[in-house]
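The values are calculated or read from the model by the stated rules, or taken from the named source; none is laboratory data. Owing to the predicted nature of the structure, the values given are computational and were not obtained by experimental measurement. Cβ coordinates were reconstructed from backbone atoms using ideal geometry, including for glycine residues, and neighbour counts include every protein chain displayed. The accessibility values were calculated without ligands, DNA or RNA, using every heavy atom of the protein model including side chains. Shrake-Rupley method; radii C 1.70, N 1.55, O 1.52, S 1.80 Å.
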Amino acid sequence: MTRLTLLFLAACTHEPPDVPSPADGPLTTEVDVPATAYWVNAGMYLRTGDVVQVQAEGAWTMWDGAYPTTGPEGMEGDLDGCPPGSLVGSVGLHWGDDVLCLGAGGELTAPRDGILYLKAHDYGLEDNAGTVRATLTGEVASTPTVAADDVADHPWHLETAGTVELQADHVVLSLPRDLVLAHADEAADALATFDAWWEQHRQFSGTAPYGGQAIRYVVDDQIRDLGAWMLSGNPIRLDSRSIAGDPPDAHILRAHDPAHSVWGYAHEMAHDFSFARGGAFMIGEGPIEAWANLWTVSTLEAMGHPEADRSGCDDREAHLADGTWDDLKADPWLPLCMLMEIRDAQGGWDFYRDFFRAYADLPPEDLPAMDASDAARWGFVRDLMNEVGSDDVTPVLQAWHVPLP
C-alpha cells in the first residue's frame with residue numbers, strides 16, 4: 001500500500017563528510033549542506049538522549065531566488081515549526097516526526113536512535129542555491145557512508161553505529177549495521193541492481209526526480225501507522241519486515257537474486273519518477289498506483305525479472321461490462337490492464353517513452369492543474385497520447401469508463 005502525498009523528503013549526491021575514526025573525547029564533523037540536497041548524512045549516529053552542539057555558517061536562497069538570500073538562521077516566519085530557509089535536522093528520517101530546528105547554532109538532543117541528517121527547511125529543493133557548512137560536536141558514534149565497491153572489504157565488525165549507509169550512483173541504502181555485516185559480500189550486486197532500476201526508470205520517463213539526486217531508502221516502522229508496507233518519496237521508507245525475508249519474500253541486499261521479490265522496491269522508486277513535474281497525467285488513487293506499476297513492469301521486463309509478468313487483468317471483462325469510473329479510480333490493478341492494452345495497441349513500450357518525453361517537454365502552463373476535473377485531466381492524457389501514438393485512444397478509454405470532456 002502506498003501513500004503519495006509525500007514527495008519531498010530525502011536524497012543526497014554530496015560527498016560523504018570527513019568523519020574521523022572513533023576516539024576518546026567528542027566526535028566533531030564538518031558537513032556541507034547544499035540548499036538543493038534532500039537530507040545530508042552528518043556522519044553521526046545518535047542514541048536517545050545524546051546531545052550535539054551545532055554551529056553553521058554560509059548563505060543560500062530559496063525558490064529560484066524569489067526570497068532574499070539568508071544564512072542558516074532562515075527567514076522570518078514559520079514553516080512547520082521552524083523558520084523557512086533555516087538549517088534543520090532529523091534523526092532517522094521517521095515518518096511523522098517534527099524536524100529539529102537548528103538554525104545558525106545551538107544544541108540538539110536525540111529523540112531516538114539513528115543517523116543525524118541535515119537540510120535546508122524548504123520543499124521542492126531543486127530550485128534553491130547556495131551551501132551552508134555545519135560543524136557538529138558530541139559524545140556520539142560515527143557512522144560510515146561506504147561506496148558500493150568498498151562494502152565487501154569494509155571492517156563492519158569494528159563499527160559501533162546501529163545504522164550505516166551504502167552509496168551507489170543513484171541510491172543510498174540506510175540499513176542496520178548487522179544486516180550489512182551479514183551480507184557484505186552481496187551488497188555491491190544488490191546496489192548495482194537498484195542503480196539499474198533507476199537507469200531503466202529514467203530511460204522510460206526521459207527525466208529524473210529530485211534533480212537527479214540519489215534516492216535514499218530508510219527503515220521506518222512508523223509507516224505502519226499509515227497502514228503502509230513501503231512508502232514512496234525521498235527517502236523511500238520501508239517496514240523492517242520488508243528488508244530481510246527468505247525467498248520468495250523481499251531482501252534488500254539480495255535484490256540481485258531473482259528468487260526474491262523486488263516489486264516493492266522498484267515500485268516505490270517508480271512513484272518518485274511518475275511524480276516528476278507533478279504527475280498531472282495521474283488521476284485517482286488507483287491510476288496513481290497503476291502508472292507506477294507500468295514503470296515497474298517495464299523496468300523488470302527489461303531486466304528479465306519474473307515479477308514483470310503482472311497485468312492486473314483478472315477482472316477486466318467484468319469491469320468492461322458493468323464497471324464504473326469510481327471502480328476504476330479506486331483499483332490499483334485494473335488501470336494497469338488498461339494502460340497495457342493501450343501499449344499493445346500502440347506497438348509497445350516506445351509509445352509510453354514518447355508519451356513521457358512529450359509530457360516532460362511541455363511548459364508548465366500547458367499542464368492541467370492538479371485540482372482540475374477528472375474529465376479535464378483525462379482529456380489532456382488522451383490528447384497527448386493521440387499526439388504521440390498511431391491510433392486514437394478515445395475508444396479504449398471510453399470502453400474502460402474513463403471520463404472525458
Within the stretch 46-71, track down each residue that is in contact (Cβ under 8 Å) with a residue 40 or more places away in the chain and of a type in the set (Phe, Trp, Tyr).
-> TRP60, TRP63
Please indicate, with yes or no, whether at least one residue in the stretch 303-318 is at positive phi, part of a helix (DSSP H, G or I) and open to solvent by 20 Å² or more (accessible area, probe 1.4 Å).
-> no
So, first residue over 19 Å from PRO34 (Cβ atoms) and of a type outside the set (Gly, Ala, Ser) in the stretch 72-86, second residue outside any loop (DSSP other than H, G, I, E, B) and open to solvent by less than 40 Å² (accessible area, probe 1.4 Å), Cβ within less than 6 Å, six or more apart or across chains; the pairs are none
Note on ALA270: of the conditions (1) under 16 Å from GLY312 (Cβ atoms); (2) modelled with pLDDT of 95 or more; (3) over 14 Å from the mean Cα position of the chain (by Cα); (4) open to solvent by less than 10 Å² (accessible area, probe 1.4 Å), unmet is (3)
Could you list, in sequence order, all residues of the stretch 28-59 that are within 25 Å of HIS170 (Cα to Cα), part of a strand (DSSP E or B) and either polar (S, T, N, Q) or open to solvent by less than 10 Å² (accessible area, probe 1.4 Å) (or both)?
-> THR29, VAL31, VAL33, VAL40, ASN41, ALA42, GLY43, MET44
Restricting attention to the stretch 346-363, which residues are surrounded by fewer than 15 Cβ atoms within 10 Å (Cβ to Cβ) and without any contact (Cβ under 8 Å) to a residue 60 or more places away in the chain?
-> GLY347, GLY348, ASP350, ALA358, ASP361, LEU362, PRO363
Hey, LEU384 under 26 Å from the mean Cα position of the chain (by Cα) and within 21 Å of ALA292 (Cβ to Cβ) or not = no
PRO68 is checked against (1) under 28 Å from the mean Cα position of the chain (by Cα); (2) farther than 30 Å from GLY162 by Cα; (3) part of a loop (DSSP other than H, G, I, E, B) and fails just one. What number does that condition carry?
-> (1)
Would you mind stating whether LEU136 is surrounded by 18 or more Cβ atoms within 10 Å (Cβ to Cβ), at pLDDT 95 or above and touching a Gly at 6+ places or on another chain (Cβ under 7 Å)?
-> no
Looking at the stretch 203-226, which of its residues are farther than 27 Å from SER90 by Cα and either in contact with a helix residue (DSSP H, G or I) (Cβ under 7 Å, 6 or more places away or on another chain) or hydrophobic (A, V, I, L, M, F, W, C) (or both)?
-> PHE204, SER205, GLY206, THR207
Output the residues belonging to the stretch 328-345 that are of a type outside the set (Asp, Glu) and open to solvent by 30 Å² or more (accessible area, probe 1.4 Å).
-> LYS329, ALA330, PRO332, TRP333, ARG343, ALA345
